[in-house]
Amino acid sequence: HRQRQLETALEDLEASNERLEQFAYVVSHDLQEPLRMISSYLSLLEQRYGDELDDDADEFLEFTVDGAERMQAMIDGLLEYSRIETRGNPLEPTDLETVLEDVRTDLQLQIDDTDTNVTVNDLPTVAGDSAQLRQLFQNLLSNAIAYSGDDPPTVEIDAERRDASEPRTDATEHDGDQWIVSVRDDGIGIDPDQTDRIFEIFQRLHTYAEHPGTGIGLALCRRIVDRHGGEIWVDTEPGVGSTFSVALPAVD
Ligand code: ADP
């Protein structure tokens, strides 16, 4: 009887998850069209009448363009988020060292601009979707750099094998060996009361002026990790730094 109850609850959860995904897709897709119109008329306004605007009007236009760009980034993120389940590639042996090389290339500009010292230690091959893992580590590394103090950030990436018999949370579906890959920064850290919230979509702990962002990155990470049957968590201390860890399935 209890087994049946659990199965029904799981089916309900899956159905509502699917509806949510569909909702996110439709909303973000339908928002693209009017936003495209706003953006193109804004740039027309700038091109044709930019010279005639006084300083105030010029600033208002700049804020409007900025708002439109932020909204575009949120829609793009929401679309990506809703596609994690449906657009993924099959999980296959993926060399994380290659993934991290690509991620470094993607973020080279941010790394150079902030003088970040990134150390990548030996990384394993895991069962994964290489494009999604690239997205996952790009978000984690980019956050590690962005949420830093005034000094140039130091970020270290490490991996440690976790035996199938070791304890793990209920969240993980994978019952074989796993690799725990961690991204450690010496940045501003996170209030321990907020560590669950940051994995929810659109949840941010800072104003846009302090740290720009969409609040989608970590929610996207969690979905990617879920799809891999793994888990994601953070160990952190305000003013000292944060370590984001992900558990991913080992291949052998
Ligand atoms: P975004 O960075 O676009 O705001 P995320 O979902 O990636 O969205 O992160 C959510 C929030 O979690 C961030 O706004 C920030 O407050 C906090 N956060 C994420 N990574 C870190 C980090 N490495 N150090 C401190 N705070 C972080």
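The values are calculated or read from the model by the stated rules, or taken from the named source; none is laboratory data. Note that the coordinates shown come from a computational prediction; the quantities given were computed from them, not determined experimentally. Cβ placement follows ideal geometry from the backbone for every residue including glycine, while neighbour counts extend to all protein chains displayed. When the accessible area is computed, the model is the full protein with side chains, heavy atoms only, and any ligands, DNA or RNA have been set aside. Shrake-Rupley method; radii C 1.70, N 1.55, O 1.52, S 1.80 Å.
Note on the chain: GNM, Cα springs under 10 Å; of Leu123, Leu79, Leu61, the largest mean-square fluctuation is that of Leu61. Taking the chain as a Gaussian network of alpha-carbon nodes connected by springs under 10 Å, the highest mean-square fluctuation of the residues Asp163, Asp191, Asp12 belongs to Asp12. Accessible surface calculations at 1.4 Å, restricted to protein heavy atoms, place the chain at 60 Å² per residue.
Counting only the Cα atoms, the stretch 136-252 fills a convex hull of 103 Å³ per residue.
Once the Cα-Cα distance is subtracted from the 0.36 nm per residue extended length, the Tyr41 to Glu11 segment shows a gain of 6.2 nm.
Explain nothing, just the number: relative contact order of the chain, from Cα pairs under 8 Å at least 6 residues apart, as a whole percent. Value for the chain: 18 percent. Temperature 20 °C, viscosity 1.002 mPa s: under these conditions the Stokes-Einstein estimate for the stretch 69-168, based on its Kirkwood radius over C-alpha pairs, is 139 µm² per second.
In this entry, the stretch 1-117 is assigned a mean projected area of 13.3 nm², taken as a quarter of its C-alpha convex hull surface. Helix 55-83 and the longest principal axis of the Cα set of the chain meet at an angle near 20°.
Mean separation of Cα pairs under 8 Å and 6 or more residues apart, divided by the residue count, gives the stretch 159-238 a relative contact order of 33 percent.
Within the stretch 191-252, the proportion of Cα pairs with more than 12 Å between them is 71 percent.
Over the chain, the hull volume per residue, using the convex hull of the C-alpha atoms, is 161 Å³. If you plug the beta carbon distance of Asp102 and Tyr49 into 1/(1 + (r/R0)^6) with R0 = 35 Å, you get a FRET efficiency near 0.25. Taking every C-alpha pair closer than 8 Å and separated by at least 6 residues, the mean separation divided by the residue count of the stretch 101-199 gives a relative contact order of 30 percent.
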